[in-house]
Amino acid sequence: MRITDQLPDLTRTDVGVALSSEWVLGTPDRQRAAADAIVSAWQDAPWPAGLLSYSIYLDTDGKLLRHYSQWADKAAFEQFTHDGRAARVDRIDAAVPGIERRDLARYRIYRGNRADDGRITGAVVAVRVDTDGLERSRVWIDAVFEALDADGNLPAGGIGAFFHISDDGTHVLNYAEWTSPEAHLEALAANGNAISKGPLWDRVRTMEGVRQISVNRYRLHQTLTP
């Protein structure tokens, strides 16, 4: 296993499924302890077949930890769940009891892009949305890109956005890359708690059958690769 400080490549073409979930730790000390326990547990176990990368993110409020893993296919993750996941979870729970786990879903990227201007990603903003189904998820994501296209460019500080849809079509995860957490907060403050303004953005915000669940800012802790 290799440990890096590199973000996963969301443009790679060999990813069959992406897994993401959120852990609630409550304090910066518990957040850091959980991240360290994850890395320790994975260092001492065989690397799962079909796992391409596994990234760990810490939210800027010191309360949450988000996982993002890229797998060759669903079968690889299901085999890992059957063979090796429980032992790692038990070891982490022994080190940091009382972790609240939520928001686990299997995703595929539906649409995404990134500015090719050399800026460095300093924060990942995870935007979670629930919808009434696959068609509504696609319509909503397409509406976001229509609004971005009309703006002509990403908001100041925005580098990229990769919209994922869950297996059952009812969950959307926007993995958005920003120069810094502060840049995202500044964009929200300048646009009434949105990243931009205008009729197309009003449509995005008010579309029926779409419910925003959470918006959290993260920094990468570490990425594990084969």
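The values are calculated or read from the model by the stated rules, or taken from the named source; none is laboratory data. What you see is a predicted model; the values in this text were computed from it and never measured. FYI the Cβ positions are ideal-geometry reconstructions off the backbone, even for glycines, and counts take in every protein chain you see. Note: accessible area is taken over every heavy atom of the protein model, side chains too, but ligands, DNA and RNA are not part of it. Shrake-Rupley method; radii C 1.70, N 1.55, O 1.52, S 1.80 Å.
Going residue by residue through the stretch 106-116, is there one that turns out to be in a helix (DSSP H, G or I), among the polar types (S, T, N, Q) and surrounded by fewer than 19 Cβ atoms within 10 Å (Cβ to Cβ)? No - not one qualifying residue is present in the stretch 106-116.
Of all residues in the stretch 48-63, count the ones that are in contact with a helix residue (DSSP H, G or I) (Cβ under 7 Å, 6 or more places away or on another chain) and farther than 19 Å from Thr225 by Cα. Reasoning before the result, please.
Step one: list which residues in the stretch 48-63 are in contact with a helix residue (DSSP H, G or I) (Cβ under 7 Å, 6 or more places away or on another chain), which gives 48-51, 56, 58, 60, 62-63.
Pick out the ones that are also farther than 19 Å from Thr225 by Cα and you get 60, 62-63.
Residues in the stretch 48-63 being in contact with a helix residue (DSSP H, G or I) (Cβ under 7 Å, 6 or more places away or on another chain) and farther than 19 Å from Thr225 by Cα: 3 in total.
Suppose the filter is open to solvent by 20 Å² or more (accessible area, probe 1.4 Å), in contact with a Phe, Trp or Tyr (Cβ under 8 Å, 6 or more places away or on another chain) and aliphatic (A, V, I, L, M); does Leu64 pass it?
Details: open to solvent by 20 Å² or more (accessible area, probe 1.4 Å): no; in contact with a Phe, Trp or Tyr (Cβ under 8 Å, 6 or more places away or on another chain): yes; aliphatic (A, V, I, L, M): yes.
So Leu64 fails the test.
Of the listed requirements (1) open to solvent by 10 Å² or more (accessible area, probe 1.4 Å); (2) closer than 27 Å to Ile159 by Cβ; (3) not in a loop (DSSP other than H, G, I, E, B), Ser40 misses just one: (2). Across the stretch 88-105, the qualifying residues are those that are farther than 22 Å from Trp47 by Cα and touching a helix residue (DSSP H, G or I) at 6+ places or on another chain (Cβ under 8 Å), and the one among them that is surrounded by the fewest Cβ atoms within 10 Å (Cβ to Cβ) is Ile99. Of all the criteria given as (1) touching a helix residue (DSSP H, G or I) at 6+ places or on another chain (Cβ under 8 Å); (2) in contact (Cβ under 8 Å) with a residue 60 or more places away in the chain; (3) within 28 Å of Ser180 (Cβ to Cβ), the one not satisfied by Arg30 is (1).
Taking the stretch 43-61 on its own, how many of its residues are within 20 Å of Asp167 (Cα to Cα) and open to solvent by 10 Å² or more (accessible area, probe 1.4 Å)?
Residues of the stretch 43-61 that are within 20 Å of Asp167 (Cα to Cα), as a first pass: 50-54.
Next cut, open to solvent by 10 Å² or more (accessible area, probe 1.4 Å) only: 50, 52, 54.
Residues flagged as within 20 Å of Asp167 (Cα to Cα) and open to solvent by 10 Å² or more (accessible area, probe 1.4 Å) within the stretch 43-61 amount to 3.
Inspection of the stretch 71-89 finds a residue satisfying the criterion of being on the phi < 0 side of the Ramachandran plot and within 15 Å of the chain's Cα centre (by Cα).
Provide a single number: the residues in the stretch 72-105 that are assigned to a helix (DSSP H, G or I) and not β-branched (Val, Ile, Thr). It would help to see each step written out before you state the result.
The first filter runs over the stretch 72-105 and keeps only residues assigned to a helix (DSSP H, G or I), leaving 74-83, 85-95.
Next, only the ones that are not β-branched (Val, Ile, Thr) stay: 74-80, 82-83, 85-88, 90-91, 93-95.
Qualifying residue count, the stretch 72-105: 18.
Per this entry, Arg119 is counted among residues that are open to solvent by 40 Å² or more (accessible area, probe 1.4 Å), assigned to a loop (DSSP other than H, G, I, E, B) and in contact (Cβ under 8 Å) with a residue 60 or more places away in the chain. Within the stretch 134-151, none of the residues are within 21 Å of Ser20 (Cβ to Cβ), of a type in the set (Ser, Thr, Tyr), in contact with a helix residue (DSSP H, G or I) (Cβ under 7 Å, 6 or more places away or on another chain) and at pLDDT 95 or above. Given the condition in a helix (DSSP H, G or I), open to solvent by less than 20 Å² (accessible area, probe 1.4 Å) and touching a strand residue (DSSP E or B) at 6+ places or on another chain (Cβ under 8 Å), answer yes or no: does some residue in the stretch 3-19 qualify? No: zero hits.
Condition check ((1) part of a strand (DSSP E or B); (2) under 20 Å from Tyr218 (Cβ atoms); (3) among the hydrophobic types (A, V, I, L, M, F, W, C)) across all residues:
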| residue | (1), (2), (3) |
| --- | --- |
| Gly26 | no, yes, no |
| Gln31 | no, yes, no |
| Ala34 | no, yes, yes |
| Tyr57 | yes, yes, no |
| His67 | yes, yes, no |
| Gln70 | yes, yes, no |
